[in-house]
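Peer 1: Okay, handing you the structure first.
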Amino acid sequence: MDSVHIILYFISSILFILGIKMLSSPLTARRGNMISFLGMIIAIITTLSYIEYEISSIIYIFSGITTGGILGLIFAKKVQMTSMPQMVAIFNGLGGLASSLIAFSEIIKVNNTISFNLISVSILMSILIGSVTFSGSITGFLKLQSLITGKPILIPLRNYFNLLILLSAIGLMIVSVLYSGNTLLFYTLLGVCLLLGILIVLPIGGADMPVVIALLNSYSGIVAAFTGFIFSNVALIISGSLIGASGLILTRIMTKAMNRSLVNVVLGGFGATATNIDSEASDKNYKSGSSDDIASLLEYSENIIIVPGYGLAVAQAQHSLKELLDVLENQQKNVLFAIHPVAGRMPGHMNVLLAEANIDYELLLDLDQVNEKFSQTDVSIVIGANDVVNPAAKLDKNSPIYGMPILEIEKSKSIVVLKRSMNPGFAGLDNDIFYNEKTVMLFGDAKDSIDSVTRSIKELS
């Protein structure tokens, strides 16, 4: 590798770092994405330019690039925001699968004979982490897509069992080096690693999926870095390390926001304290209202906080919410948005959704910023959220979300909840807030409900 290629890799690495930095804010995220894209283009061209190929290899490479580019463009255009977590899970899985296949190709190239060195360790780690990432991501996708139950699937002594499988995988890695040349060992290692990924994700409930997505994203970056060591590719090592590190930081933020243990996530059983939760609505009394009732309440309110949840995304109601915001601001109302770190089904879900509707980023407050404001709030409007406002997190020690910091909407003078029905949400948990004497329920599709409230407010004006 000459100095020109080194300089180009350095430039692409700088662009990666700048891009990730910009992704931390919705105001600069789009620009950061383009800068990261430019960095990746430079890295790809640089890699392709200094490696010697046969004509057949060139055809395969560019066929893969073209096919992947077309599929990525189709997915980017067609996939709705509500399905973005599923797409991220699939992409994480494909990244892990690619690294595993590369590692296996290297094993085949050396006739299943490896020794204890950096490249061999990188190959074995690529198989381990890549396979876990692939099978875990596919399992997460199946849960998010409701192709299998979103509730925790519990196995007795699951943590010990997962640890045993992990130790078995490590043992197989050691044996494959000591008794190199045995093809069966590598296929057994692959099978064990795939099983581990499945068993890690199966016990995880729907409310905890944001953490899983962040963790698997980190895994995909780590395995990419190991793949970089296999090929001595500086750009792949740097970009993989950046993704791995940022994913781990994000995972830590998510676990802190949910008051969970990262170790528990790694070993499985995250959210597994959920036991036989009744999916039917409670028989407690609640108060329902009409859009006119909500409009009248807002008419006499000055300070309003809106709490968006996954129901907002499902209904694609972000643009309707922007119209409601404009109407309220024209009436000189003070409107803020309370964003819980794990609102939705992936980190940053609500921020991106609201940014799509051009809602001012300055109005979006995180958990720590907004909780102190609820006591001065006239009305809190909850749209399709459950767990992030559920007081069971503070009051019920038997609840699977106990200890999780929540948005303290119960301190508001009045509460409005927009919900399809009284059935519990994705996590299967009932919420006592819905039965609070200060709460008014407005049932229906979130978009239709918001539009109806907006019309009623305009009629009152």
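Peer 1: Residue 52 is checked against (1) assigned to a helix (DSSP H, G or I); (2) in the same structural domain as residue 9 (by TED's automatic domain parsing); (3) of a type outside the set (A, V, I, L, M) and fails just one. What number does that condition carry?
Peer 2: Only one criterion is unmet by residue 52, namely (1).
Peer 1: Here is a follow-up. Checking residue 350 against (1) touching a Phe, Trp or Tyr at 6+ places or on another chain (Cβ under 9 Å); (2) assigned to a loop (DSSP other than H, G, I, E, B); (3) not polar (S, T, N, Q), only one condition comes out false. Which one?
Peer 2: (2)
Peer 1: Name the one entry in 380, 291, 296 that is of a type in the set (Gly, Ala, Ser), crowded, with 23+ Cβ neighbours inside 10 Å and at pLDDT 85 or above.
Peer 2: Going through 380, 291, 296 in turn, just one is of a type in the set (Gly, Ala, Ser), crowded, with 23+ Cβ neighbours inside 10 Å and at pLDDT 85 or above: 380.
Peer 1: Do we find a residue being modelled with pLDDT of 85 or more, part of a helix (DSSP H, G or I) and among the small types (Gly, Ala, Ser) anywhere in segment 15-28?
Peer 2: Yes: segment 15-28 contains one or more residues that are modelled with pLDDT of 85 or more, part of a helix (DSSP H, G or I) and among the small types (Gly, Ala, Ser).
Peer 1: Can you give me the number of residues within segment 434-461 that are closer than 15 Å to residue 289 by Cβ, assigned to a helix (DSSP H, G or I) and β-branched (Val, Ile, Thr)?
Peer 2: So the count comes out to 3.
Peer 1: I need a count of the residues in segment 321-331 that are at pLDDT below 95 and buried (at least 21 other Cβ atoms within 10 Å of the Cβ).
Peer 2: Residues meeting the conditions: 0.
Condition check ((1) at pLDDT 95 or above; (2) under 33 Å from the mean Cα position of the chain (by Cα); (3) in the same structural domain as residue 375 (by TED's automatic domain parsing)) across all residues:
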{"position": "285", "(1), (2), (3)": "no, no, no"}
{"position": "300", "(1), (2), (3)": "no, no, yes"}
{"position": "315", "(1), (2), (3)": "no, yes, yes"}
{"position": "319", "(1), (2), (3)": "no, yes, yes"}
{"position": "339", "(1), (2), (3)": "no, yes, yes"}
{"position": "356", "(1), (2), (3)": "no, yes, yes"}
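Peer 1: Of the conditions (1) modelled with pLDDT of 90 or more; (2) crowded, with 20+ Cβ neighbours inside 10 Å, residue 373 fails just one. Which one is it?
Peer 2: (2)
Peer 1: Here are some residues: 182, 159, 111. Which one is at pLDDT below 90, farther than 23 Å from residue 225 by Cα and surrounded by 16 or more Cβ atoms within 10 Å (Cβ to Cβ)?
Peer 2: 159
Peer 1: Could you say which residue among 120, 137, 83 is under 19 Å from residue 183 (Cα atoms) and either loosely packed, with under 15 Cβ neighbours inside 10 Å or among the hydroxyl-bearing types (Ser, Thr, Tyr) (or both)? Break it down stepwise before answering.
Peer 2: Working: 137 fails: under 19 Å from residue 183 (Cα atoms); 83 fails: under 19 Å from residue 183 (Cα atoms).
After applying the criteria, what remains is 120.
Peer 1: Something else now. Please count how many residues of segment 409-440 are in contact with a Gly (Cβ under 7 Å, 6 or more places away or on another chain) and farther than 30 Å from residue 204 by Cβ.
Peer 2: Here the count works out to 1.
Each row is one residue, and each column tells you yes or no for (1) surrounded by fewer than 23 Cβ atoms within 10 Å (Cβ to Cβ); (2) closer than 27 Å to residue 251 by Cα.
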position: 333; (1), (2): yes, no
position: 349; (1), (2): no, yes
position: 366; (1), (2): yes, yes
position: 385; (1), (2): no, yes
position: 389; (1), (2): no, yes
position: 392; (1), (2): yes, yes
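Peer 1: Let me ask something additional. Of everything in segment 13-32 that's polar (S, T, N, Q) and more than 17 Å from residue 244 (Cα to Cα), which residue is surrounded by the most Cβ atoms within 10 Å (Cβ to Cβ)?
Peer 2: Here the answer is 28.
Peer 1: Would it be correct to say that residue 221 is among the small types (Gly, Ala, Ser), out of contact with any Lys or Arg (no Cβ under 8 Å at 6 or more places or on another chain) and under 30 Å from residue 9 (Cβ atoms)?
Peer 2: yes
Peer 1: Where the second residue is buried (at least 17 other Cβ atoms within 10 Å of the Cβ) and among the aliphatic types (A, V, I, L, M) and the first is free of Cβ contacts under 8 Å to residues at least 12 places away in the same chain and lies in segment 316-331, which pairs have Cβ atoms under 7 Å and are six or more apart or on separate chains?
Peer 2: 329/335
Peer 1: Looking at 48, 73, 97 in this structure, which one is closer than 30 Å to residue 162 by Cβ and aliphatic (A, V, I, L, M)?
Peer 2: Result of the check over 48, 73, 97: 97.
Peer 1: Only one of 175, 132 is β-branched (Val, Ile, Thr), touching a residue at least 24 places away in the same chain (Cβ under 8 Å) and assigned to a helix (DSSP H, G or I). Can you tell me which?
Peer 2: On inspection, the qualifying residue turns out to be 132.
Peer 1: Something else: Only one of 157, 196, 178 is out of contact with any helix residue (DSSP H, G or I) (no Cβ under 6 Å at 6 or more places or on another chain) and either of a type in the set (Ser, Thr, Tyr) or under 30 Å from residue 110 (Cα atoms) (or both); which?
Peer 2: 178
Peer 1: Identify, from the list 130, 150, the residue that is surrounded by 15 or more Cβ atoms within 10 Å (Cβ to Cβ), farther than 24 Å from residue 225 by Cβ and not hydroxyl-bearing (Ser, Thr, Tyr).
Peer 2: Step by step, each of 130, 150 is checked, and only 150 is surrounded by 15 or more Cβ atoms within 10 Å (Cβ to Cβ), farther than 24 Å from residue 225 by Cβ and not hydroxyl-bearing (Ser, Thr, Tyr).
Peer 1: Let me ask something else. Kindly evaluate residue 47 against the criterion of being under 20 Å from the mean Cα position of the chain (by Cα), of a type in the set (Val, Ile, Thr), in a helix (DSSP H, G or I) and within 30 Å of residue 249 (Cα to Cα).
Peer 2: It is false that residue 47 is under 20 Å from the mean Cα position of the chain (by Cα), of a type in the set (Val, Ile, Thr), in a helix (DSSP H, G or I) and within 30 Å of residue 249 (Cα to Cα).
Peer 1: Please state which one of 110, 121, 88 is within 19 Å of the chain's Cα centre (by Cα) and either among the β-branched types (Val, Ile, Thr) or under 24 Å from residue 20 (Cα atoms) (or both). Lay out the reasoning, then the answer.
Peer 2: Numbers: 110 fails: within 19 Å of the chain's Cα centre (by Cα); 121 fails: within 19 Å of the chain's Cα centre (by Cα).
Within the list 110, 121, 88, the selection yields 88.
The values are calculated or read from the model by the stated rules, or taken from the named source; none is laboratory data. Keep in mind the model is a prediction, meaning the values are calculated, not measured. Backbone-built Cβ (ideal geometry, glycine too); neighbour counts: all protein chains shown.
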